[in-house]
Amino acid sequence: MAGRNLWQEFTKGLWLDNPVSRQLLGMCSTLAISNAVINGIAMGLAVSFVLICSSLLVSLVRRIVPNQVRIASYIVIVASFVTIADRFLAAFFPPISKALGPYVPLIVVNCIILGRAEAFASKNSVGRALIDAVGMSAGYIIALLILSSVREILGSGTILGYRVLGTWFEPWIIMILPPGAFITLGILIALAFQIERKVKQRR
Amino acid sequence: MELFVIFASSILINNFVLYYFLGICPFLGVSKKIDAAFSMGVAVTFVMALTAVVSWAINHWILIPYKLEYLQIVAFILVIASLVQLVEMFIRKTSPPLYQAMGIYLPLITVNCCIMGLALLASLKEYNFPETVVFGVGAGIGFTIAIVLMAAIREELEMADVPETLKGAGIALIVTGIIALAFLGFSGMIK
């Protein structure tokens, strides 16, 4: 870790350690709400908010919290921020809150957040933890955007509700149903892996 | 009859893994061997049944009477975390081989979305006590079926000639998609 400069700390979340395509973390929310781009954006922002705030706080208290109770205290920290995000969405964006349903409260068990708190924020300074969290959030949002765009375009022929494919296009209903989520993500991960392999070969 | 509908639909139609996308992490992580997958399924079912009981009690006896619903997330996650600790200690004492087999995935049940999802969904659907318990057990059995099916397929996949690119997560997710497609067939069963 020591050898990494701040820029590398940020960019590793985008590709090298991308939470979705590389670490396979936070699959539940990724798969469940990626049937429309708008849900993907809302979820991405909610997760980023929780991830950044809890990384900051975990990093701040890392010397105070005894080792034995650290996981429990991280969970309480994360749960408080998730409650804030959940109440905020319910108050200001009721339709989105309804569409996301139980998946907003479920951010609390999203492995990305606890994983970063345990693996990174609890061992690094506040600044580094913040940069790591921002990088991871950006990687998560990008992955969600790609996945939800593919699913929305193929599943309903629209993007953000605007029709992009003509009326000739027969929507593939399967893409907005659960099986479409699994298959699309599987293909996207394979694609990311293939690109990585090609890059390595060239070196 | 109502209870049976909830039971059947939580196993087959609204399967936690294949329909609600809950518990994907252990589903992909522990599904390489049938034995380990089965013990994971049993552990999850057990914790789910317990969670259903405890979360219902907390929700209806503490949170709702005192208008503390906004504390639901914090309360549920703490209950689940302590329950999992208990189960872990119990298994370590009674069955060390089982404990070995589950490895690091047992503590991970704490952050397993399907347990938390169960507590949240049951309160969202406003189930009464028997319904919540049946929902919990059914969801656990559904999880077990899905993970054992997946493990069986993956054991065969070891032998198969999978393209280099798709190896690992790629093929696992596509197989899951196909299983989910098959389970979609059940959705006409109960309206």
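The values are calculated or read from the model by the stated rules, or taken from the named source; none is laboratory data. What you see is a predicted model; the values in this text were computed from it and never measured. Don't worry about glycine lacking a Cβ; one is built from the backbone with ideal geometry, like all the others, and counts go over all protein chains shown. Just the protein is used for accessible areas: all its heavy atoms, side chains included, with ligands, DNA and RNA removed. Shrake-Rupley method; radii C 1.70, N 1.55, O 1.52, S 1.80 Å.
Going by what's in this entry, would A:SER54 be described as open to solvent by 50 Å² or more (accessible area, probe 1.4 Å) and away from chain B (no Cβ under 12 Å)?
Values: open to solvent by 50 Å² or more (accessible area, probe 1.4 Å): no; away from chain B (no Cβ under 12 Å): yes.
Against the criterion (open to solvent by 50 Å² or more (accessible area, probe 1.4 Å) and away from chain B (no Cβ under 12 Å)), A:SER54 does not qualify.
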Next item on the list: Check whether at least one residue in the range A:92-100 is under 16 Å from the mean Cα position of the chain (by Cα), in contact (Cβ under 8 Å) with a residue 24 or more places away in the chain and within 20 Å of B:ALA75 (Cα to Cα), and report yes or no.
Entry: no
Check: Could you list, in sequence order, the residues of the range B:33-72 that are touching a residue at least 24 places away in the same chain (Cβ under 8 Å) and within 14 Å of another protein chain (Cβ to nearest Cβ)?
Finding: B:VAL44, B:VAL47, B:MET48, B:THR51, B:SER55, B:ASN59, B:GLN72
Checklist line | Condition broken by B:GLU156, with the remaining ones in (1) part of a helix (DSSP H, G or I); (2) touching a residue at least 24 places away in the same chain (Cβ under 8 Å); (3) open to solvent by 10 Å² or more (accessible area, probe 1.4 Å) satisfied | finding: (2)
Check: Quick one: in the range A:162-203, which of the residues that are in a helix (DSSP H, G or I) and among the basic types (Lys, Arg) is least open to solvent (accessible area, probe 1.4 Å)?
Finding: A:ARG197
Next item on the list: Check whether at least one residue in the range B:88-97 is under 18 Å from B:VAL137 (Cβ atoms) and modelled with pLDDT of 70 or more, and report yes or no.
Entry: no
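So how many residues does the range A:97-111 have that are more than 10 Å from every other protein chain (Cβ to nearest Cβ) and over 12 Å from A:MET43 (Cβ atoms)? Give the steps one after another, and end with the answer.
We begin by selecting, within the range A:97-111, every residue more than 10 Å from every other protein chain (Cβ to nearest Cβ); these are A:97-100.
Then drop every residue that is not over 12 Å from A:MET43 (Cβ atoms), which leaves A:98.
Going through the range A:97-111 one residue at a time, the tally reaches 1.
For the range B:176-191, which positions are facing another protein chain (nearest Cβ under 8 Å) and hydrophobic (A, V, I, L, M, F, W, C)? Talk me through it step by step, then tell me what you get.
Restricting attention to the range B:176-191, the residues satisfying the condition of being facing another protein chain (nearest Cβ under 8 Å) are B:176-178, B:180-181, B:184.
Matches in the range B:176-191: B:ILE178, B:ALA180, B:LEU181, B:LEU184.
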Note to self: Could you go through the range A:115-122 and let me know if any residue there is without any contact (Cβ under 8 Å) to a residue 24 or more places away in the chain, open to solvent by 60 Å² or more (accessible area, probe 1.4 Å) and not aromatic (Phe, Trp, Tyr).
What the structure shows: no
Next item on the list: Return yes when A:LEU31 is at pLDDT 90 or above and crowded, with 18+ Cβ neighbours inside 10 Å and no when it is not.
Entry: no
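I need a count of the residues in the range A:165-187 that are hydrophobic (A, V, I, L, M, F, W, C) and touching a helix residue (DSSP H, G or I) at 6+ places or on another chain (Cβ under 6 Å).
Residues in the range A:165-187 being hydrophobic (A, V, I, L, M, F, W, C) and touching a helix residue (DSSP H, G or I) at 6+ places or on another chain (Cβ under 6 Å): 8 in total.
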